[in-house]
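The values are calculated or read from the model by the stated rules, or taken from the named source; none is laboratory data. The structure displayed is predicted, hence computed values, not measured ones. Here the Cβ is made from the backbone with ideal geometry for all residues, glycine too, and neighbour counts use every protein chain on show.
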Amino acid sequence: MSLPWKIQEFDELDSTNNWLMQQPSPPRGQAVLALRQTAGRGRLGRKWEVGSGGQLTGSFFIASSQWPHFPPALTLLVGLAVLCALEDLGVEGLSLKWPNDLLWGRRKLAGILCESRPGGMVAGVGVNLKGKAEDYSRELSAKLIHLETLGVQSPGPRELFAQLLAQVDRLLDLCTGGLEPLVELWHSKCGSIGALVSYDDDGEPQVGEVLGLSPQGALRLLGPKGEVRLWSGEVEFVSNPYDAAK
């Protein structure tokens with residue numbers, strides 16, 4: 001069932017996730033959009049760098065009753081929602097990288113940050129609409145891509161955020177009976193199945209082959225000692241497994 005999303009818009013916030021996390025009791029359907037974000041966050045406490053050209057930076061609240069599944073798996077749903085909204089704009093060549101990145105090729109177009117709070121979860125989304133290389137650090141600039149670079153005319157942050165939330169509604173309905181349909185759809189949009197990735201195994205760097213997701217949303221890898229399931233953390237693509245495992 002579609003939610004009556006209430007989008008509150010600000011010219012500037014430090015972080016849309018922070019704003020929603022600080023609300024005493026956000027109602028179902030509460031969403032927030034900032035036209036500029038000054039202290040955005042990525043996973044593992046990383047800073048989300050914001051260029052001068054424009055990004056979609058928004059967050060929304062999902063009540064516990066809407067998501068009775070394994071909480072981190074909500075990141076998979078939100079990533080799919082972003083991908084589907086962008087595909088509706090005509091963007092081709094998109095793929096998902098576990099747990100929270102949307103890629104074009106091997107370059108990041110969007111990122112997701114989901115956080116638990118009393119009563120539910122806050123999901124934050126950042127999409128690179130347009131920007132210049134000099135807006136970012138040299139290392140990060142080589143890893144990012146923008147819709148403008150892909151020749152896609154974005155409808156603007158407000159309209160794209162509304163389209164994204166409509167996809168969230170659709171995917172929440174898809175998961176009413178369990179995560180199986182979501183996992184199947186995620187597999188069809190994942191560009192890393194069969195790829196070699198580095199990961200942390202109890203403090204030891206390892207390299208494994210991506211097998212896909214478990215029924216509960218964990219990442220399945222074929223590592224040196226057999227199959228491994230990651231419930232949290234991150235992975236990085238590797239081209240030379242011998243170097244990555246040193």
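Some notes on this structure:
- Residue tally, condition surrounded by 21 or more Cβ atoms within 10 Å (Cβ to Cβ) and over 26 Å from TRP231 (Cα atoms), over the range 86-128: 2
- Taken over the range 143-201, residues that are touching a Ser or Thr at 6+ places or on another chain (Cβ under 7 Å) and within 17 Å of ASN128 (Cβ to Cβ) amount to 2.
- Selection count where residues are free of Cβ contacts under 8 Å to residues at least 60 places away in the same chain and in contact with a Ser or Thr (Cβ under 6 Å, 6 or more places away or on another chain), scope the range 1-36: 3
- Every listed requirement among (1) modelled with pLDDT under 95; (2) surrounded by 14 or more Cβ atoms within 10 Å (Cβ to Cβ); (3) at positive phi is met by SER141 save one, (3).
- Taken over the range 144-172, the residue count meeting the criterion of being in a loop (DSSP other than H, G, I, E, B), of a type in the set (A, V, I, L, M) and modelled with pLDDT of 90 or more is 3.
- Qualifying residue in the range 41-60 (condition: under 25 Å from VAL183 (Cβ atoms) and at pLDDT 95 or above): yes
- The number of residues in the range 1-38 being assigned to a loop (DSSP other than H, G, I, E, B), surrounded by 12 or more Cβ atoms within 10 Å (Cβ to Cβ) and modelled with pLDDT of 65 or more comes to 11.
- Pairing each residue of the range 145-167 that is outside the structural domain of LEU83 (by TED's automatic domain parsing) with any residue that is surrounded by 16 or more Cβ atoms within 10 Å (Cβ to Cβ) and assigned to a loop (DSSP other than H, G, I, E, B), provided the two are 6+ apart or on different chains, yields no C-beta distance under 8 Å.
- Yes/no for CYS114 being in a helix (DSSP H, G or I) and either assigned by TED's automatic domain parsing to the domain that holds ARG220 or within 25 Å of ALA63 (Cβ to Cβ) (or both): no
- Taken as a whole, the condition of being at pLDDT 95 or above and closer than 23 Å to LEU94 by Cα applies to LEU213.
- Scanning the range 60-111 for residues that are in a loop (DSSP other than H, G, I, E, B) and either in contact with a Pro (Cβ under 6 Å, 6 or more places away or on another chain) or hydrophobic (A, V, I, L, M, F, W, C) (or both) gives TRP67, PHE70, LEU89, VAL91, TRP98.
- Test: residue in the range 183-195 that is over 16 Å from VAL82 (Cα atoms), in contact with a strand residue (DSSP E or B) (Cβ under 6 Å, 6 or more places away or on another chain) and surrounded by 18 or more Cβ atoms within 10 Å (Cβ to Cβ): yes
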